[in-house]
1. Could you list, in sequence order, all residues of the range A:503-535 that are in contact with a helix residue (DSSP H, G or I) (Cβ under 6 Å, 6 or more places away or on another chain) and within 30 Å of residue A:397 (Cα to Cα)?
2. Within the group A:182, A:150, A:146, A:170, which residue is more than 13 Å from chain B (Cβ to nearest Cβ), farther than 25 Å from residue A:72 by Cβ and either modelled with pLDDT under 95 or outside any loop (DSSP other than H, G, I, E, B) (or both)?
3. Would you check if there is a residue in the range B:39-52 being within 14 Å of chain A (Cβ to nearest Cβ) and assigned to a helix (DSSP H, G or I)?
4. Of all the residues that make up the range A:37-70, how many are free of Cβ contacts under 8 Å to residues at least 60 places away in the same chain and within 12 Å of another protein chain (Cβ to nearest Cβ)?
5. Hey, among the residues in the range B:248-259 that are surrounded by 24 or more Cβ atoms within 10 Å (Cβ to Cβ) and under 19 Å from residue A:221 (Cα atoms), which one's farthest from the other protein chains (Cβ to nearest Cβ)?
6. Going by what's in this entry, would residue A:23 be described as without any contact (Cβ under 8 Å) to a residue 12 or more places away in the chain, in the same structural domain as residue A:76 (by TED's automatic domain parsing) and out of contact with any strand residue (DSSP E or B) (no Cβ under 7 Å at 6 or more places or on another chain)?
7. Is it the case that residue A:165 is within 17 Å of residue B:268 (Cα to Cα) and either surrounded by fewer than 19 Cβ atoms within 10 Å (Cβ to Cβ) or in contact (Cβ under 8 Å) with a residue 60 or more places away in the chain (or both)?
8. Name the single residue, out of those in the range A:89-99 being part of a loop (DSSP other than H, G, I, E, B) and at pLDDT below 90, that is surrounded by the most Cβ atoms within 10 Å (Cβ to Cβ).
């Protein structure tokens, strides 16, 4: 907090954008986050004016090859012998429009992405000169581009389409034969390349080499015949390849998973999180008519920048699986939520201290774990969750493959040693001390509490979304929701609390777990006051120490989340 | 080169020689071995504490490697895509992002003579502001094409073509049509062109001058004032047997083939121009093709990462501007022939 207060004022520079004086920071973070002189393109962005571009990407090294961001600028004059810059008659500094040195009078553009601003420069982002340059670059890009928008997956989110509408010409002058290049190239196991659609911006090459650390892509041939390629005989296959599809400004790189599945303009976009590991990459779910079609990374510089891994991105198919649990089941077969909750509450109210144990999941939300812990406290119940480990990588993938282990720890469901109390729970069942087991989202038969042990219980209450050996033994089976079907928060491995929102309706009887738990906690403990997710989160933030110290509120989380100290 | 390195306290130098010169590379390597054996290279050169290594690096046959930042990329083992300037000026961020001096052979060859003669005497060669000598490569339809070393500005274009010491005139019975004065990327001159130029004399006084094409002294400034450049000092002479559209098509094919393809205007434009010219050369020219070509070339020059954009645009711009009648005539003829053929086809 202290450093936030003493932060020095940002040094600024004044430039003119389309005749309007704007004050912009002197430096702006480059792709690696290091401050560098603010560029013309960035200055225009600060001023709310978009400079069209293909090759420039804020998270990639600048190469300046597409020339789409050419802008006509006027520079202040050099100081004369008196040390003063040349002035107009009205006392304002004189500026000199840039022109070709060998052809005075013909305007010369600078590339916005790589040209640093100079105090007093005029950036003519929308002047006829600038528009003419853009039009010319677009014309060049389009002469060899196939007119296959109707069958192109990128249509609707294509920069070539968008800029053609904004800056292009209605007709092409091109009277020659187009260059033909390879189409439907299997670049790797998850990527298909259409080299004819490619504008050769090299974003994919730079991403692979400089961000993913796999210098796998390059350009073959020369001139207009240039084409993207992986090294001969080596497929483009690392865990980050699908990011190249996101950053491809056109339809050259398409995802084998999403290709031809859905027109993008039909997709509803919902802010969500990836649940593949403890990193908590921010995502956008693309869905239509209650079916999820894709994940895309959502920029969050504190977590995942603009990227996500391929494994995480493709880890959504289970959400729409046919065998999802959709029926609420009690000991006498299918039932309804009012009766089931009444019966469970009645049973739990009578349960003695120490006779109940809870196995929660670190795939559950902070709110759900908080409520489970409230329930647990009522019976002094043993609680734990199940660890999931994998190998961490150099970029985004965390060793912890649960999305919310930190949340489980902070809410008190588990300890630093996740799963260390599972053996004690098993022992309690063996000894007959534990008579009721509540399981959320885990197949405990895989974690030391086998089907035979489960048979010893008087009552097994299970909430899950897919069938397994534990759900089959349940006395009460409560169908739950995936994260795409409810709202809530996760706390990632670094202690960032982030929220996700609801993209899909749950199927059948399934209900968000926090709603079910809220009801149970109310019935069993008499506690009240959190019947909305906002209220519940704020209540939790007030009671869980780490959250309280950080001063979290639901509204305060915003889209990017907030850090808690671990 | 060793002298230049010594002057700049450079410890490591490369000679980048294009891949098409295997014999040249062998000779260079032999010379370097000789120099090392004689104590001019390696550690403690000539008994001093100065160390220098020179390596010969052979290119792989791309014209763009002549662009200094493209050359640096190539030397680093990458595709020779020229770098954007700013920020990658070689003197600040060159080879392996270290300060680097890139000079061509011609420049370095002068060092020896400057050292030998002394700066003042060397500067007394040539004209007041364009000093020294240049080796002119004279090609095209002259009797004696070849390489001629001249004092800069001490021979005119006319002398270079006609003088008995140089080209010895056009082939018998031919008339001059055009001259490309400084390599194929320089703007073409049309025979009979006249120029009104202004220049400053030794005392800074501005003097007006009328020059015929053949009276242009072969120096940097005058050629630039006449709208072209001395560039690589390769003069291409074209006589009246040359088809201008064919000649430009030939040049454009070269530039389309050698464009590295990094930045959009040149990548797409160079091949576009070459394709248009190919169409025109195969009997399908259109009346508007002169403007069509001009439009494409205009969209390249000044908008690319490196000067290759100008190199491929300038021949087209200058050929079209100076020989517009050739292009328009061809368009009219082809369109008329096509119309006639269509009429005949319709009639039958």
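The values are calculated or read from the model by the stated rules, or taken from the named source; none is laboratory data. Since we're looking at a predicted model, the values are computed, not measured. A quick note on method: Cβ atoms are made from the backbone with ideal geometry, for glycine too, and the neighbour counts reach across all protein chains shown.
1. Listed by number, the residues that qualify are A:503, A:504, A:506, A:513, A:514, A:534.
2. A:150
3. Here is the first cut: in the range B:39-52, the ones within 14 Å of chain A (Cβ to nearest Cβ) are none.
Within the range B:39-52 (the criterion being within 14 Å of chain A (Cβ to nearest Cβ) and assigned to a helix (DSSP H, G or I)), the answer is no, since none of the residues qualifies.
4. 4
5. Looking at residues that are surrounded by 24 or more Cβ atoms within 10 Å (Cβ to Cβ) and under 19 Å from residue A:221 (Cα atoms), I get B:252.
6. On the way: without any contact (Cβ under 8 Å) to a residue 12 or more places away in the chain: yes; in the same structural domain as residue A:76 (by TED's automatic domain parsing): yes; out of contact with any strand residue (DSSP E or B) (no Cβ under 7 Å at 6 or more places or on another chain): no.
In short, no.
7. Considered against the rule, which asks whether it is within 17 Å of residue B:268 (Cα to Cα) and either surrounded by fewer than 19 Cβ atoms within 10 Å (Cβ to Cβ) or in contact (Cβ under 8 Å) with a residue 60 or more places away in the chain (or both), residue A:165 comes out as no.
8. That would be A:92.
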